[in-house]
Amino acid sequence: MEEVLKVVIIGSGPAGLTAAIYCARGNLEPVVITGRTPGGQLMITTDVDDFPGFSDGIQGPELMDKMIAQAKRLGTKLIYEDVSSVNLKSHPFIIKTETSELKTRSIIIATGASAKWLGLPSEQKFLGKGVSACAVCDGAFFKGKVIAVVGGGDTAMREAQHLSKFGSRVLVIHRRGEFRAQAALQEAVKSKANIKFLMNHTVEEVLGESKVTGLKVRNVQTGEVSEIQSDALFVAIGHQPSTEFLKGELELDDRGYVVVKDETRTSVEGVFVAGDAADQKYRQAVTAAGTGCKAAFDVEEYLEEIKLPTDGTPY
Ligand code: NAP
């Protein structure tokens, strides 16, 4: 008889791995499809100071290694591949990866989100040559250099703060006259002597030959275009959820976030969501972990509701 799993978790950041830990302890024998880079966004983070339980802080990759080890110890099976498609209209649901096809009675979507780009051709040309969306990953390459950051939210402030440790000068470029970042972060950034601000400006083009040497910027109030010198551009204009593969299968909002019906339940019965794939607001490791826990409980409740056959026959 073909195997029908009780639950498959798609994604292996704090949301997915916490869901796995709780599902494993609930005897649901979870399978996690990790994606090709297991661990999610914390894998490209250094110091994590705000995850409770680590009094001296912890490195992002180390925290994720611990979560993976904990999920495995409790009996989670991991598949280190990307999902290529899902069929949420069939029962059981079908999930295809590059090399396998899984059938499952329930799914937890925990695919997270990734950085947004400005959409300039020159931005793509200089990716890895001065253009980045991760100060923690790439900031140290620009010691003593002039660094530009575009954006006005919490991410931009955090990036600027981190980059101010390396750059001789950090210039935050924002398209409006005020930031949307939380006041405390704005204050922290404004108190750094080497962080400067260019308000009411957009980045029109990244300039350079083999590496970034400057930016073409436009004053949105006057329309005036000018060039400024910069050795790097860090794009910090928000994130987009990694939910492309769910289009047409599950209700998504106009920004691609999974629409939540009740706690972690989605528009498809038996499909649940945890973490940044449905969270535009908090986007923290600990809130992702919290929703992962909730999703695991909701899966358990759902499987009881549909009276999961104990002999493994499909319902
Ligand atoms: P965000 O709050 O959506 O801010 C994005 C910023 O980029 C805005 O200032 C926006 O300008 C600007 N922007 C967007 N598209 C742009 C474009 N095409 N060109 C130029 N500028 C553009 O995103 P976020 O900063 O990533 O934060 C998202 C959520 O995560 C927030 O809830 C935040 O609180 C949370 N977060 C928290 C922390 C923390 O340390 N607690 C850290 C990071 C993120 P406008 O203001 O004009 O729209």
- Query: Do any trypsin sites (Lys or Arg not before Pro) in region 210-247 lie in a loop, going by DSSP, with at most 15 other beta-carbon atoms within 10 Å of their beta carbon, and if so which?
  - Reply: 211, 247
- Message: Whole angstrom only: what separates the Cα centroid of region 174-199 from the Cα centroid of region 223-277?
- Response: 24
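How much length is gained if the chain between residue 100 and residue 240 is pulled fully straight, taking 0.36 nm per residue apart and subtracting their Cα-Cα distance, in nm to one decimal?
Numbers: separation 140, 0.36 × 140 = 50.40 nm, distance 2.71 nm.
Fully extending the segment from residue 100 to residue 240 adds 47.7 nm.
Indicate the helices, whole DSSP H runs only, in the chain that combine a mean Kyte-Doolittle hydropathy of -1.0 or more with a Cα extent along their long axis of 15 angstrom or more. Walk me through the numbers on the way to the answer.
Working: long enough: 14-25 (16 Å, 0.79); 60-73 (20 Å, -0.65); 285-305 (30 Å, 0.08).
Membrane-span-like by this rule: 14-25, 60-73, 285-305.
Going by average Cβ density within 10 Å per residue, which order do the peptides 229-242, 104-117, 293-306 take, highest to lowest?
Values: 229-242: 22.2, 104-117: 24.0, 293-306: 18.4.
The most tightly packed comes first, giving 104-117, 229-242, 293-306.
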- Of all accessible surface on region 117-235 at a 1.4 Å probe, what whole percent is carbon and sulfur? 48
- All other residues with a Cβ under 11 Å from the Cβ of residue 109 taken together, and with Lys, Arg as +1 and Asp, Glu as -1, what is their net charge? -2
- Could you tell me which Cys residues in the chain have no other cysteine's Cβ under 4.7 Å from their own Cβ, answering none if every one has a partner? 23, 293
- Note on the structure: To the nearest Å², the heavy-atom accessible area per residue of the chain with 1.4 Å probe amounts to 49
- For region 179-256, inverting the pair-averaged 1/r of distinct alpha-carbon atoms gives a Kirkwood value in Å of 16.0
- Query: Taking the chain as the region of interest, what is the percent of Cα-Cα pairs per 20 angstrom bin, listed from the shortest bin to the one with the maximum distance?
  - Reply: 31, 49, 19, 1
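What is the sum of charges around residue 33, taking Lys and Arg as +1, Asp and Glu as -1, for the other residues whose C-beta is under 13 Å from the C-beta of residue 33? Working shown, then result.
Working: positive: 36, 77, 96; negative: 81, 82, 98, 101.
Value of the local net charge: -1.
First select every other residue whose beta carbon is under 12 angstrom from the beta carbon of residue 169; then total the charges, Lys and Arg +1, Asp and Glu -1.
On the way: positive: 145, 192, 196; negative: 231.
Net local charge, residue 169 excluded: +2.
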- Among all the lysines, which ones have a C-alpha under 29 Å from residue 294's C-alpha, if same-chain residues fewer than 8 places away are not counted? 6, 66, 72, 77, 89, 96, 103, 116, 247, 261, 281, 307
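In deg cm²/dmol and to the nearest 500, what is the mean residue ellipticity at 222 nm of the chain if only DSSP H runs of at least 4 residues count, each as -39500 (n - 2.57), divided by the residue total? Before the final figure, lay out the partial values.
Numbers: 7 runs with 74 residues, N = 315.
Theoretical 222 nm ellipticity from helices: -7000 deg cm²/dmol.
The values are calculated or read from the model by the stated rules, or taken from the named source; none is laboratory data. As the structure is a prediction and not an experimental result, all values here were calculated from the model. All Cβ positions, even for glycine, are placed from backbone atoms using ideal geometry, and neighbour counts span all protein chains on display. Only protein heavy atoms, including side chains, enter the accessible area calculation; ligands, DNA and RNA are left aside. Shrake-Rupley method; radii C 1.70, N 1.55, O 1.52, S 1.80 Å.
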